[in-house]
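So the structure is just underneath, and the comments pick up after that.
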Amino acid sequence: MNSLSSFTLFIFSIIICLQSLSSTGATTCHPDDEAGLLAFKSGITQDPSGMLSSWKKGTSCCSWKGITCLNSDRVTMLELVGFPKKPERSLSGTLSPSLAKLQHLSVISLGDHVNITGSFPKFFLQLPKLRYVDIQNNRLSGPLPANIGVLSMLEELFLQGNKFIGPIPNSISNLTRLSYLIFGGNLLTGTIPLGIANLKLMQNLQLGDNRLSGTIPDIFESMTLLKFLDLSRNGFSGRLPPSIAALAPTLLALKLSQNNLSGAIPDYISRFNRLEKLDLSKNRFSGVVPKGFVNLTNINNLDLSHNLLTNQFPELNVNTIEYLDLSYNQFQLETIPQWVTSLPSLFLLKLAKCGIKMSLDDWKPAEPLYYHYIDLSKNEISGSLERFLNQTWYLLEFRAAGNKLQFDMGNLTFARTLKTLDLSRNLVFGMVPAMVAGLQRLNLSQNHLCGKLPATKFPASAFADNDCLCGSPLSPCKL
């Protein structure tokens, strides 16, 4: 179970437990509940970790693992969460419709089992007290039921990471108590229903990684509590709707990457002063980034890469950014901006194809020690890489292909943490040092390197088009 659903389920459990002060550990559960649970058990074909080993006919089902009874002999919570990092320990099988016998169920948490199959459990629609449903990260498939809106008590619904297809049902607009609607990572198609505007208590709306299309509807005016909005990795097109501006007082994360959105980045984004994550990457946004971005003083993750943005980037007054990607736009930064250089906790910096024309010798970042990922490819950066790499302790990846770097490769040293080094299409000379053998990915092609190669596992393409390199995997050196 991911941290989001784990936390919300914990809160739900506390609330429900506070509604009853009676101890039910010794309660003999209702016969209907026992029958429904044993039928569920019979639908499970594999239970390698023994989750259901305590489920035995004739014993109190209120004491079975994953079962909670409150106020009476009726089961109110069914919690059997799988092991997403160790799927071989999780349950396999199907969800028995006999669970409909559990008429007092308010919480069903059966997520992260990977190998639970079947269609959407339509017996949910026969459980009038359901408030929390988590069946994420299984192998459920097929369409969502058109009448899902009958679950009028539902407050949180986690369906992500399955293979559900078809449209989001229009009746979802009847679930006016919903605060969490998590549908990401499925195969849903069609447009976002306009009726979602009725969900005024919504705090977390995640529809990312589906096959949704059309324009993003103008439905956000009433969502005054929304903190997280993820519509990324779909087929949305057109401009951002004006009503997103209404989210400025509350929104913490806005993820719209990998769509076909266009037009200018709206000025109203500048009013999102609580925003921590903004990802507009891989769209067709154009024009100038609003100067009001200087107001995004809490931003720690900013990704505008792979768009059509132009001119300079605003001079931000922020020290919270840890992840910054402005790559592959039409910016003309000239240098790595001073506000970027002074960031104290930056671990990812990607400024590929940003019109940078400086010497790397002049770049003196405040805290290079903590950098993990850097991409400065396709600029006109000159100078040497030696000083910078000697200042990094935790660097995992450095890419600077297609620049004018010029230094003696034989003098290069770097942290043992480094896994990827791409210096292709530069002016690097000298011999290839033996320590590159410890890398996982290497590209030194199209430089001026010379001499015998050290023993490595890399293909010839990693060293191609240099002046006079020899030895495996290239041609043997001449005696």
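Restricting the search to strands (runs of 3 or more DSSP E) fully inside the range 286-405 and requiring at least 1 residues that are under 17 Å from residue 265 (Cα atoms) and not polar (S, T, N, Q) gives 301-303, 308-311, 323-325.
Just to be sure before I move on: is residue 257 under 18 Å from residue 303 (Cα atoms), part of a loop (DSSP other than H, G, I, E, B) and modelled with pLDDT of 95 or more in the structure I sent? Yes, satisfied. One residue stands out in the range 64-76 among those that are modelled with pLDDT of 95 or more and of a type in the set (S, T, N, Q): the one that is most open to solvent (accessible area, probe 1.4 Å), namely 68.
For residue 84, the test of being more than 18 Å from residue 154 (Cα to Cα) and in contact with a helix residue (DSSP H, G or I) (Cβ under 7 Å, 6 or more places away or on another chain) is failed. Scoring residue 365 on the criteria (1) within 24 Å of the chain's Cα centre (by Cα); (2) without any contact (Cβ under 8 Å) to a residue 40 or more places away in the chain; (3) over 16 Å from residue 378 (Cβ atoms); (4) buried (at least 20 other Cβ atoms within 10 Å of the Cβ) leaves a single failure, condition (1). Restricting the first member to the range 379-403 and to residues that are farther than 20 Å from residue 326 by Cβ, and the second to residues that are of a type in the set (Ser, Thr, Tyr) and part of a helix (DSSP H, G or I), the beta-carbon pairs closer than 7 Å and six or more apart or on different chains are 394/370. Within the range 252-265, does at least one residue satisfy the condition of being charged (D, E, K, R), out of contact with any helix residue (DSSP H, G or I) (no Cβ under 9 Å at 6 or more places or on another chain) and within 24 Å of residue 214 (Cβ to Cβ)? Scanning the range 252-265 turns up at least one residue that is charged (D, E, K, R), out of contact with any helix residue (DSSP H, G or I) (no Cβ under 9 Å at 6 or more places or on another chain) and within 24 Å of residue 214 (Cβ to Cβ). When the residues of the range 384-402 are filtered to those that are farther than 12 Å from residue 347 by Cβ and aliphatic (A, V, I, L, M), the one that is surrounded by the fewest Cβ atoms within 10 Å (Cβ to Cβ) is 389.
The values are calculated or read from the model by the stated rules, or taken from the named source; none is laboratory data. If you're wondering where the values come from, they're calculated on a predicted model, not measured in any experiment. As a convention, Cβ positions derive from the backbone with ideal geometry for all residues, glycine included, and neighbour counts pool all protein chains shown. What goes into the accessible areas is simple: the full protein's heavy atoms, side chains included, and nothing from ligands, DNA or RNA. Shrake-Rupley method; radii C 1.70, N 1.55, O 1.52, S 1.80 Å.
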